[in-house]
Amino acid sequence: MRILIRGVAVIRKPEEGVVPKVDVVIEDSRYTGVVVGGGAGGEFDRVIEGEGRLLIPGLVNAHTHLAMTLFRGYADDLPLRRWLEERIWPAERKLTPEEVYWFSLLGLAEMIRAGTTAFADMYFFMDEVARAVEEAGLRALLSYGIIAPTPDRIEPELEKAEKFARSWLGKAGGRIRTALSPHASYTCGAEVWRETVRLAKELKIPIHTHLAETQAEVEEFQARHGQPPTLWLEQLNVFSVPVLAAHCVHMTEKDMEILAAHGATAVHCPTSNAKLACGIAPVAELLSAGVNVALGTDGAGSAGDLDMFEEMRLAALLGKLKTGEPEAIPAPQALALASRGGAVALGWGKELGTIEEGRRADGVLLSLAAAHLCPGHNLLSDVVYAAHPSDVVGVFVDGTPLLLEGELLTIDEERVKAKCRQLAQKYR
Ligand SMILES: [Zn+2]
């Protein structure tokens, strides 16, 4: 399959800005031509007109719980602890594999429409999530979320996590990779973490967890263990494997040094953190400490939606509020966090995150026709501060179109929505 996107404006790398009138050639799964000025030759199976459009690297949602689309609007305006303990955990005990499958498809439809090409997910009934991802065509780092508050839960939870990680690693033509996910330092003890590190090393896969999300969590952990969770995890050698640490809102300088020294990723989830009033993660400080930062929505149950444009915009806005400096987290940096930062976090840093010859062809085509993108002085700024998911007209993963001219090509959206409305009745 040879695709030409003709005469399109392109953001090859955020720091480079926008390059006008480029012919972009996609051959099988990769970009094979990025011809500035146009003039790419040869035969093409499909030609997409790029006039009045902008191609950007695929957006990466580096922390979510996809099937929690089931809990969108289910328990809003509550603090994290009450949200989890009184509303979400009791509801999750009633979850079935069928529900996880259909609400994963719902989340995948929403993500494709919002220009997300890859994501990191941790949840339950992960075989169903993986099946949905395989069908929908996205790229994903998937893991079973281990919660083992009592010793009797340790073995069965680890078994489930290991079985899933082994069976889906490298599946769906390499689009699915797996990770191990102890839910957090306060829901999993030292034994779980030690065993997880051992297994992650054996399988050469990352660990994806929640870290320092609320002040209360960090204070309680400190009181119980005499040290903050990041230091405790370091002593258990957790950072000797690649780590995606979601949230990182309440971090000491030493915590940031630890993440930086080990090449771990802090996944900033600004909507979820704001909605649960957790605080604002010190993104500018994390970046200057040398930490890789990615962006995530968290689950739709806590964030409301799975919109990476919103996360990019909030990362830029909250970064300025947090530091008191309007120069903090400028638009190119916000876009880099949402694309390349996420690609690095998911372990695809060498193959994804930019639009260059030889890279895997994950990309998002935006229409520039809407009033909110006019007059277009700086299209990169507009992507961060003004664009909406409704501007997305094309989405490619590994060179395969998942959305073209507004039409989802891999998911029967009406059928999925109807099924999800029906399944949600149980939770009314
Ligand atoms: Zn989460």
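The values are calculated or read from the model by the stated rules, or taken from the named source; none is laboratory data. This one's a predicted model, so the numbers in the text were calculated from it and none came from an experiment. Virtual Cβ from ideal backbone geometry, glycine too; neighbours counted across all protein chains shown.
Observations on the structure shown:
- Within segment 71-81, one or more residues are at pLDDT below 95 and either assigned by TED's automatic domain parsing to the domain that holds residue 387 or not in a loop (DSSP other than H, G, I, E, B) (or both).
- Screening segment 213-231 for residues that are surrounded by 14 or more Cβ atoms within 10 Å (Cβ to Cβ) and among the acidic types (Asp, Glu) and picking the one that is farthest from the ligand (Cβ to nearest atom) gives 217.
- Single residue of 304, 296 found to be in the same structural domain as residue 248 (by TED's automatic domain parsing), at pLDDT below 95 and within 16 Å of the ligand (Cβ to nearest atom): 304
- Verdict on residue 13 being within 23 Å of the chain's Cα centre (by Cα), in the same structural domain as residue 396 (by TED's automatic domain parsing), surrounded by fewer than 24 Cβ atoms within 10 Å (Cβ to Cβ) and in contact (Cβ under 8 Å) with a residue 12 or more places away in the chain: yes
- Residue pairs whose Cβ atoms lie under 9 Å apart, sitting 6 or more positions apart in sequence or on different chains, and linking a residue in segment 18-29 that is over 23 Å from residue 380 (Cα atoms) to a partner that is of a type in the set (A, V, I, L, M, F, W, C) and assigned to a strand (DSSP E or B), are 27/3; 29/397.
- Among residues of segment 266-289, those that are within 12 Å of the ligand (Cβ to nearest atom) and basic (Lys, Arg), counted: 0
- Annotation note: Cβ proximity below 9 Å between a residue of segment 194-222 that is at positive phi and a residue that is surrounded by 13 or more Cβ atoms within 10 Å (Cβ to Cβ) and among the small types (Gly, Ala, Ser) (sequence gap 6+ or interchain) occurs for 212/185; 212/245; 212/281.
- Looking at 334, 316, 338, just one residue is assigned by TED's automatic domain parsing to the domain that holds residue 259, away from the ligand (no atom under 16 Å from the Cβ), within 20 Å of residue 122 (Cβ to Cβ) and modelled with pLDDT of 95 or more, and that residue is 338.
- The helices (runs of 4 or more DSSP H) falling completely within segment 237-296 that include 3 or more residues that are within 19 Å of the chain's Cα centre (by Cα) map to 270-275, 283-288.
- Residue within segment 22-40 that is touching a helix residue (DSSP H, G or I) at 6+ places or on another chain (Cβ under 8 Å) and more than 15 Å from the ligand (Cβ to nearest atom) present: no
- A residue that is without any contact (Cβ under 8 Å) to a residue 60 or more places away in the chain, crowded, with 16+ Cβ neighbours inside 10 Å, in contact with a Lys or Arg (Cβ under 8 Å, 6 or more places away or on another chain) and aliphatic (A, V, I, L, M) occurs somewhere in segment 173-185.
- Verdict on residue 344 being within 16 Å of the ligand (Cβ to nearest atom), modelled with pLDDT of 95 or more and either under 27 Å from residue 107 (Cα atoms) or in a helix (DSSP H, G or I) (or both): no
- In segment 409-428, the residues that are modelled with pLDDT of 95 or more form Cβ pairs under 8 Å with partners that are loosely packed, with under 14 Cβ neighbours inside 10 Å and part of a helix (DSSP H, G or I), at six or more places apart or across chains, as follows: 423/98.
- Any chance residue 369 is in a loop (DSSP other than H, G, I, E, B), buried (at least 21 other Cβ atoms within 10 Å of the Cβ) and not assigned by TED's automatic domain parsing to the domain that holds residue 107: no
- Segment 117-130 residues that are β-branched (Val, Ile, Thr) and at pLDDT 95 or above, paired with ones that are outside any strand (DSSP E or B) and within 13 Å of the ligand (Cβ to nearest atom) (beta carbon under 9 Å, 6 or more apart): 129/66; 129/67
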